[in-house]
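A short write-up of the structure that comes next.
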Amino acid sequence: MATLATTILSVLVGISLAGSDGTRASQQVPAEHHIVPSVGVGDYTLGMSRNEVLKKLGEPESIEREENQVVRRGEEKYDIKNLPRECILGFGDISFRLTDESVQTIFVRSSLYTFSNGSGVGDSEPNIKQVFGENYRVEQATGRHYLCYDAQGVGFAIDEKTKAATEIVVYPKKEKPKEWTTIPKYDPNSNNPFQVDLRARDLSKLDLSASLGDLMYAAFDDRTVWPAPERMPAGFDWRKIMELGRNPGLGVRRLHKEGITGRGVRIAIIDQPLLADHQEYADRVCFYEEVDLPGRRNPAMHGAAVASIALGKTVGVAPEAELYYIARPGGSPLQRQARCIHRIIEVNAQLPQDNKIRVISMSTGWGPSREGYEDITEAVRKAQAAGMLLVCTSVEQVHEGCDFDALDRPPLADPDVFESYEPGLFRARDFWSHPPSPSGMCFSVPMDSRTTASPAGIDEYVFYRIGGFSWAVPYIAGVYALAVQADPAITPERFWALAVRTGRTIELNRGGVTRPLGPIVDPVRLIRAIQAGETTTLNRQPSEGMAK
């Protein structure tokens with residue numbers, strides 16, 4: 001099910017707030033705290049600009065990257081002058097969801113904010129239904145559910161225990177969505193990974209027989225409804241694409257058959273809210289904690305994806321590893337991320353000496369110029385001292401001499417064949433324009449064309465044609481879990497050096513130009529080398545390869 005914040009983008013109708021015996025007595029509401037469905041809260045209205053909000057409220061307490069985005073290397077360097085296209089600015093008990101610097105949704109979490117009749121945060125669910133009526137839909141979230149009055153432009157987060165409203169959401173009234181006559185076109189020059197986003201779309205009335213080129217770059221899920229076969233293009237098999245995307249590739253399933261599954265190895269992930277009950281990993285969630293999350297805690301696409309890539313039963317690299325998960329808001333400042341690492345270290349200290357957390361996966365990155373760099377550097381050093389490999393999108397900031405790159409795979413190509421792989425889709429231009437130089441510090445792993453757990457349901461899946469470094473990070477964490485099972489004494493440096501040395505390099509040709517691609521991590525050869533007790537020294541020479 002899509003989250004409230006991402007489904008309430010369309011326009012909705014006004015409401016006449018009649019009082020009732022079950023609501024608070026009508027009272028004069030201060031203008032700055034007056035909630036008007038589908039319009040705004042006080043002086044803050046839907047459609048107002050980011051600058052207008054900042055002029056009134058100053059610097060936000062938090063900048064949260066919207067859930068439905070994939071992180072690419074270097075993209076989480078957010079501040080008020082460098083915001084992602086979709087984000088949430090938090091100011092204590094009021095938050096604003098922005099798209100293209102314009103307010104799309106307003107969230108309030110204090111009883112100070114009320115409607116004209118005095119009802120607001122703290123009202124009971126029966127009272128809300130009495131005032132607003134029975135024409136609502138329900139969205140489930142962790143520890144709460146939402147009553148969504150789409151025709152009025154307002155929603156209520158209802159706590160499952162108290163049955164009272166803990167948050168009110170103001171959003172546009174919902175118009176009847178326009179029916180598609182065809183699917184969106186794919187533009188190779190765009191940086192948007194969801195150009196052809198067919199998730200939860202009913203395409204049954206469309207004729208897609210001439211849309212093969214665009215479908216080959218589509219994201220879709222178990223809720224996508226496809227046209228009849230005669231209105232589909234020859235050469236597109238969505239079932240096969242979904243199934244191939246489940247395979248971690250590069251021979252990983254061969255290791256699974258041999259019993260190398262990461263059994264019992266503990267992986268920590270710090271990411272956005274998780275659908276903890278998904279069948280891919282539910283039985284191996286050993287620890288789940290939320291840090292500094294606002295009232296809106298719907299499971300994120302990011303969380304379900306990274307957890308399943310690392311250790312999903314059917315799609316993961318290490319399907320028998322154990323999961324320790326800390327959920328944080330997207331786009332969190334480095335100080336908050338540092339606290340999450342410290343929390344993992346605290347939990348790890350309580351675990352048996354022979355069964356500690358061995359790797360932390362964080363699909364985010366940082367550099368010396370970011371505020372909080374010293375805080376996260378200190379946390380990282382403590383994690384390293386505790387024997388953990390920490391993989392992030394700026395791993396070179398964490399483990400000296402280590403780096404990685406990420407790969408594309410055409411959706412119908414065999415994931416186990418090394419020659420199926422190409423530079424990641426958003427990396428290809430740099431690859432062909434800047435000839436890579438061999439380096440002893442970098443290996444490549446799969447990124448694009450992956451099927452992962454969906455946050456929409458505990459048994460649902462989604463295919464992401466275009467990924468980001470977000471998907472590469474948990475892949476590496478999963479491979480490390482396999483390495484730890486093969487040799488519990490493995491160290492991060494030995495692992496990285498052997499992954500580089502045992503990796504395979506292939507040659508690509510385009511227009512008569514040949515380029516080497518690799519080394520691509522070879523999990524089978526890597527595990528064989530580890531089991532044989534091989535060692536090697538990491539070449540710390542700086543890479544002159546693909547631009548980061």
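The values are calculated or read from the model by the stated rules, or taken from the named source; none is laboratory data. Because the structure is a prediction, the values reported are computed rather than measured. Here the Cβ is made from the backbone with ideal geometry for all residues, glycine too, and neighbour counts use every protein chain on show. Surface accessibility is based on the protein's heavy atoms, side chains included, excluding ligands, DNA and RNA. Shrake-Rupley method; radii C 1.70, N 1.55, O 1.52, S 1.80 Å.
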Worksheet, complete the sentence: Here region 503-515 yields Karplus 3J(HN,Hα) values (6.51, -1.76, 1.60; θ = phi - 60°; whole Hz; Gly and Pro given as x) of x, 10, 10, 10, 10, 10, 10, 9, x, x, 9, 10, 9
Worksheet item: Label-point separation (nm) for L57 and N509, each offset 7 Å from Cα along Cα-to-Cβ?
Response: 5.8 nm
Worksheet item: Fully extended, how many nm does the chain gain between L293 and E534 (0.36 nm per residue separation, minus their Cα-Cα distance)?
Response: 82.3 nm
Worksheet item: In whole percent, how big is the carbon plus sulfur part of the accessible area of the chain, probe 1.4 Å, protein atoms only?
Response: 48 percent
Fill in: Base-10 log of normalised Debye intensity for region 385-513 (one unit scatterer per alpha-carbon) at q = 0.09, 0.10, 0.13 Å⁻¹
-0.30, -0.37, -0.62
Worksheet entry | Rounded to 5, percent antiparallel among DSSP beta bridges of region 235-351 | 0 percent
Worksheet item: Residue separation times 0.36 nm, minus the C-alpha to C-alpha distance between L412 and D237: what's the value?
Response: 62.2 nm
Worksheet item: Quick one: if you stick a label point 7 Å off each Cα along the C-beta vector at L212 and N192, how many nm between them?
Response: 2.6 nm
Fill in: Label-point gap, in nm, between T182 and I458 - each point 7 angstrom along Cα→Cβ
4.3 nm
Worksheet item: Where the Cα atoms of region 154-275 are projected onto their three principal axes, how long is each span, largest first, in whole Å?
Response: 51, 50, 31
Worksheet item: Based solely on its DSSP helices, what 222 nm [θ] is calculated for the chain when runs of n ≥ 4 H residues each add -39,500 (n - 2.57) and the sum is averaged over all residues, nearest 500 deg cm²/dmol?
Response: -6500 deg cm²/dmol
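To the nearest 20 debye, what charge dipole does the chain have about its Cα centre, counting +1 at the Cβ of each Lys and Arg and -1 at the Cβ of each Asp and Glu?
About 560 debye.
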Worksheet, complete the sentence: Taking the square root of 5λ for each eigenvalue of the C-alpha gyration tensor of region 88-178, the equivalent ellipsoid has semi-axes, largest first and in whole angstrom, of 20, 17, 13
Response to the item:
The FRET efficiency for D43 and D100, from their Cβ-Cβ distance with R0 = 30 Å and rounded to 0.05, is 0.90
Worksheet item: Which whole-number percent gives the relative contact order of the chain, counting Cα pairs below 8 Å spaced six or more residues apart?
Response: 15 percent
Worksheet item: Taking the chain as the region of interest, what is the percent of Cα-Cα pairs per 20 angstrom bin, listed from the shortest bin to the one with the maximum distance?
Response: 21, 52, 24, 3
Worksheet entry | Of K313/K356; K185/K240; K174/K313; K174/K240; K313/K382; K185/K205, those spanning more than 29 Å from alpha-carbon to alpha-carbon | K174/K313; K174/K240; K313/K382
Worksheet item: What full-extension length gain, to one decimal in nm, is calculated for S110 and T314 as 0.36 nm per residue of separation minus the Cα-Cα distance?
Response: 69.1 nm
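Considering every Cα-Cα pair within region 270-318, what fraction, in whole percent, is farther apart than 11 Å?
66 percent
Counting every Cα pair in region 84-139, what percent are over 16 Å apart?
Numbers: 897 of 1540 pairs.
The calculated P(r) of region 84-139 puts 58 percent of pairs beyond 16 Å.
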Worksheet item: Dividing the alpha-carbon radius of gyration of region 220-318 by 2.2 N^0.38 Å (N being the number of residues), what value is obtained?
Response: 1.33
